[in-house]
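Student: After the structure tokens below, expect a handful of questions from me.
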């Protein structure tokens, strides 16, 4: 019994320490991401002459940027099992700093800028700016708006995704790293999410670049 309690305490401390480590580099990560977001926003808005550059720059100055950073699973996750924490095996994406951005104005959701094409396919095309919101048919922006309202209430920090965890947004709240599922609007611990939506084998495969299945 004592051994079990010690093990649980160690796992809790590991999560808290890793959350603190992420928060310490949050300012640097967000600053890097915001610079790239501004660049990609202008590129997206002016693509195919959808907006003029002055119009795009004007829009950029009126919204608040909330980066959703991009992280990846490290090769060391080949060691992952039920006795370990997945957060021990994730790191910032060295190739591209964010997966998408949320734009708000006066604390109200406005739009998203998705860069899935770059994150998953190394596509050189512009990211997708989307300010369309429709409540029916599980509209993506509507679901992100629901998430945005959730984090406003919970006062979360450091939003990020982990590559190949589909429809899952990771966040830190009170030194706890959690996952918000866009699919069912539920919140999980990262390892609980894995047990319900993928498997240890999937994590190990992804760590070695085997894309046989994803976590979703």
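The values are calculated or read from the model by the stated rules, or taken from the named source; none is laboratory data. Small disclaimer: the values here were computed from a predicted structure and weren't measured. Quick reminder, even Gly has a Cβ in these numbers, built from the backbone with ideal geometry, and neighbours come from all protein chains shown.
Student: List the strands (runs of 3 or more DSSP E) inside the range 111-188, counting only whole elements, that have at least 2 residues being without any contact (Cβ under 8 Å) to a residue 24 or more places away in the chain. Let's see the steps before the verdict.
Tutor: Details: elements: 128-130, 157-162, 168-173, 176-181, 186-188.
Per the criteria, 168-173, 176-181, 186-188.
Student: Which condition number does residue 11 fail, the rest of (1) under 17 Å from the mean Cα position of the chain (by Cα); (2) under 21 Å from residue 215 (Cβ atoms); (3) modelled with pLDDT under 95 being met?
Tutor: (1)
Student: Scan the range 57-82 for residues that are free of Cβ contacts under 8 Å to residues at least 24 places away in the same chain and in contact with a helix residue (DSSP H, G or I) (Cβ under 9 Å, 6 or more places away or on another chain) and jot them down. Working first, answer last.
Tutor: Kept after step one, since they are free of Cβ contacts under 8 Å to residues at least 24 places away in the same chain, are these residues of the range 57-82: 57-61, 79.
Result: 57, 59, 60, 79.
Student: What residue, of 77, 101, is at pLDDT 95 or above and either in contact with a strand residue (DSSP E or B) (Cβ under 7 Å, 6 or more places away or on another chain) or part of a strand (DSSP E or B) (or both)? Steps first, please.
Tutor: On the way: 77 fails: either in contact with a strand residue (DSSP E or B) (Cβ under 7 Å, 6 or more places away or on another chain) or part of a strand (DSSP E or B) (or both).
Step by step, each of 77, 101 is checked, and only 101 is at pLDDT 95 or above and either in contact with a strand residue (DSSP E or B) (Cβ under 7 Å, 6 or more places away or on another chain) or part of a strand (DSSP E or B) (or both).
Student: Keeping to the range 35-53, report how many residues are surrounded by fewer than 17 Cβ atoms within 10 Å (Cβ to Cβ), without any contact (Cβ under 8 Å) to a residue 60 or more places away in the chain and under 22 Å from residue 70 (Cα atoms).
Tutor: Count: 3.
Student: Please work out if residue 42 is modelled with pLDDT under 95 and touching a helix residue (DSSP H, G or I) at 6+ places or on another chain (Cβ under 7 Å). Don't jump to the end; show me each part of the working.
Tutor: Working: modelled with pLDDT under 95: no; touching a helix residue (DSSP H, G or I) at 6+ places or on another chain (Cβ under 7 Å): yes.
So residue 42 fails the test.
Student: Scan the range 93-102 for residues that are free of Cβ contacts under 8 Å to residues at least 60 places away in the same chain and more than 14 Å from residue 163 (Cα to Cα) and jot them down.
Tutor: 102
Student: Which members of the range 118-140 meet the condition of being more than 15 Å from the chain's Cα centre (by Cα) and surrounded by 13 or more Cβ atoms within 10 Å (Cβ to Cβ)?
Tutor: Step one: of the range 118-140, the residues more than 15 Å from the chain's Cα centre (by Cα) are 121-139.
Across the range 118-140, the qualifying residues are 126, 127, 128, 129, 130, 131, 133, 139.
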